[in-house]
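A short write-up of the structure that comes next.
The values are calculated or read from the model by the stated rules, or taken from the named source; none is laboratory data. Not measured: the values here are computed from a predicted model. Ideal geometry is used to build each Cβ from the backbone, glycine not excepted, and the neighbour counts take in all protein chains shown.
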Amino acid sequence: MSLFSLYTHSGPIKKVKEDTAVTLGVFDGVHRGHRALLRQLEGGAPLAVTLTSHPSFVLGRRGSEDWLDEEREHIGLLLDAGVKYVAVMPFTEEVARMTACQLTRLLHNELRMRTLLLGYDGRFGSKQDDDFAALPQLADELGIMLKHGLPFLLEGEPVSSSRIRRALAEGNVEEAATLLGRPYSIGGTVEHGRGVGHTLGFPTANVDLTASRKTLPKEGVYVVRIGSPTSRLRHIGMANLGAAPTYGIGQRMLEVHLLDYSGDLYGKEVQVEFLHRLRDTRRFDSPEALQAQLADDLEQTRQWS
C-alpha cells in the first residue's frame with residue numbers, strides 16, 4: 001500500500017504513470033516563494049510532495065499546529081501553482097525517522113522521480129541518522145538529477161511562512177498579502193451572535209472560527225472582503241477580530257459588518273479576506289462612544305468599496 005495520496009486537477013488517482021520532477025515540503029500557505037520554487041520543476045512531470053503535519057509539531061518543537069491555509073484548499077493551491085500532481089504524505093514519527101536517502105529511494109520507487117528539486121536551503125531526513133551528504137552519490141546510483149532551487153526575495157529577504165506569520169502577528173495584513181500573492185483569508189460558518197451590533201445600527205455576520213486551523217491576525221478592526229463559495233457574494237465590510245471589551249466579553253470572535261448589504265447569511269459558509277487594519281480593539285466608556293467610533297470606521301472602510 002502506498003504511503004502517498006495522489007491528486008491531479010481531475011481528482012484523486014491511484015498512481016503516477018510517467019517520470020516526474022519532485023520537490024518536497026510543507027508548503028504552508030503556498031506563498032510566492034513556494035510558487036517560484038514549483039515553477040523551477042523540470043526534467044519530468046512536475047509533482048509536489050506535501051506533508052499533512054508540520055514536522056516541528058510532530059517532533060514536539062512547536063506547541064500548536066496552526067496553518068496559513070485550510071486542508072481543503074491546500075491541494076488546490078498547489079495544483080493552481082502549476083504542478084501536475086500533488087502527493088500528500090502523512091508526517092508521522094515513523095516518517096520522521098526516515099533518512100534522506102531512504103526517503104529519496106521511496107520517492108524514486110513510488111512516484112517515478114527522475115529529478116529532485118531542493119529549496120535553496122532545503123534539506124530533509126532524520127537528523128539523528130543524517131545521511132543527507134550521501135544524496136549526490138545515491139542520485140548517481142538511481143539516475144536522478146539533483147537540483148537546488150533559487151531563493152525568491154522580496155525587499156532583500158526570502159519569502160517564508162514564518163515571515164508571513166510575523167506580519168499577521170503585527171496586524172500587517174497588507175504585507176502578508178504581498179508575500180502570499182493574495183489576501184489572507186479565514187473561512188467559517190455564519191452563526192447567530194449577540195445582536196449588539198444590530199442595536200448600534202451596525203448588524204454583523206458572526207463567523208465561527210472553531211473549525212479553522214488557520215493562524216489568526218492580530219486582534220483589531222479590519223477592512224475585509226467577504227465571499228461565499230456557494231454564491232456570487234463578494235462584499236466589502238469592516239470586521240472586529242477579537243474580544244468585545246466594552247461589553248465584558250473576552251472570547252475571541254470574528255464579527256463582520258457588510259456595507260449596504262441586507263441579505264441573510266446565517267448558516268452559510270463564507271471566506272473573509274483581510275485587506276487593511278484600521279485600529280486596535282479597545283474598551284469604550286459607553287455604547288454611544290463605541291457607536292461614534294464605528295461610524296468613523298465605516299467611513300474609512302467605504303474608501304475600499
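Here are LEU117, LEU146: which of them is surrounded by 12 or more Cβ atoms within 10 Å (Cβ to Cβ), closer than 18 Å to PHE27 by Cα and either touching a strand residue (DSSP E or B) at 6+ places or on another chain (Cβ under 7 Å) or of a type in the set (Gly, Ala, Ser) (or both)?
Numbers: LEU146 fails: closer than 18 Å to PHE27 by Cα.
When all the criteria are applied, what remains is LEU117.
Results for (1) within 25 Å of ALA176 (Cβ to Cβ); (2) more than 24 Å from the chain's Cα centre (by Cα); (3) in the same structural domain as ILE186 (by TED's automatic domain parsing); (4) of a type in the set (A, V, I, L, M, F, W, C), shown as yes or no for each residue.
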{"residue": "ALA211", "(1), (2), (3), (4)": "yes, no, yes, yes"}
{"residue": "LYS214", "(1), (2), (3), (4)": "yes, no, yes, no"}
{"residue": "LEU233", "(1), (2), (3), (4)": "yes, no, yes, yes"}
{"residue": "MET238", "(1), (2), (3), (4)": "yes, no, yes, yes"}
{"residue": "LEU254", "(1), (2), (3), (4)": "yes, no, yes, yes"}
{"residue": "LEU258", "(1), (2), (3), (4)": "yes, yes, yes, yes"}
{"residue": "LEU275", "(1), (2), (3), (4)": "yes, no, yes, yes"}
{"residue": "PHE284", "(1), (2), (3), (4)": "no, yes, yes, yes"}
{"residue": "GLN291", "(1), (2), (3), (4)": "no, yes, yes, no"}
Checklist entry - Limited to segment 288-305, what total is found for residues that are loosely packed, with under 14 Cβ neighbours inside 10 Å and among the hydrophobic types (A, V, I, L, M, F, W, C)? => result 3
Checklist outcome for this item: Per the list (1) surrounded by 13 or more Cβ atoms within 10 Å (Cβ to Cβ); (2) on the phi > 0 side of the Ramachandran plot, residue check on GLY227 breaks on (2)
Item to check | Top-ranked residue of segment 76-98 - restricted to ones that are among the β-branched types (Val, Ile, Thr) and modelled with pLDDT of 95 or more, ranked as surrounded by the most Cβ atoms within 10 Å (Cβ to Cβ) | outcome: VAL83
Item to check | Near pairs, Cβ below 9 angstrom, 6+ apart or cross-chain, from segment 122-142 (in contact (Cβ under 8 Å) with a residue 24 or more places away in the chain and under 21 Å from GLU94 (Cα atoms)) to any residue that is in a loop (DSSP other than H, G, I, E, B) and among the aromatic types (Phe, Trp, Tyr) | outcome: PHE132/PHE124
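Count, please, the residues in segment 120-130 that happen to be surrounded by fewer than 16 Cβ atoms within 10 Å (Cβ to Cβ) and either farther than 21 Å from TYR85 by Cα or among the basic types (Lys, Arg) (or both).
To start, the set of residues in segment 120-130 that are surrounded by fewer than 16 Cβ atoms within 10 Å (Cβ to Cβ) comprises 120-123, 127-130.
When the remaining residues are screened for being either farther than 21 Å from TYR85 by Cα or among the basic types (Lys, Arg) (or both), the result is 120-121, 123, 127-130.
Residues that pass the stated criteria total 7.
Quick check: anything in segment 189-197 at pLDDT 90 or above, outside the structural domain of PHE27 (by TED's automatic domain parsing) and not charged (D, E, K, R)?
Yes.
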Checklist outcome for this item: Result of the Cβ filter at 8 Å on segment 83-101, keeping first residues that are without any contact (Cβ under 8 Å) to a residue 60 or more places away in the chain and partners that are of a type in the set (Asp, Glu), at least 6 apart or interchain, is ARG97/ASP129; THR99/ASP129; THR99/ASP130; THR99/ASP131; ALA100/ASP130; ALA100/ASP131; CYS101/ASP131
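Mind telling me which of the residues VAL173, VAL159 ends up being among the hydrophobic types (A, V, I, L, M, F, W, C), in contact with a Leu (Cβ under 6 Å, 6 or more places away or on another chain) and surrounded by 14 or more Cβ atoms within 10 Å (Cβ to Cβ)?
Details: VAL173 fails: in contact with a Leu (Cβ under 6 Å, 6 or more places away or on another chain).
When all the criteria are applied, what remains is VAL159.
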Checklist entry - For segment 56-168, which strands (runs of 3 or more DSSP E) that fit wholly inside it have 1 or more residues that are hydrophobic (A, V, I, L, M, F, W, C) and closer than 18 Å to GLY33 by Cβ? => result 85-89, 113-118
Checklist entry - Applying the selection to segment 18-38, what residues are over 22 Å from GLY125 (Cα atoms) and at pLDDT below 95? => result none
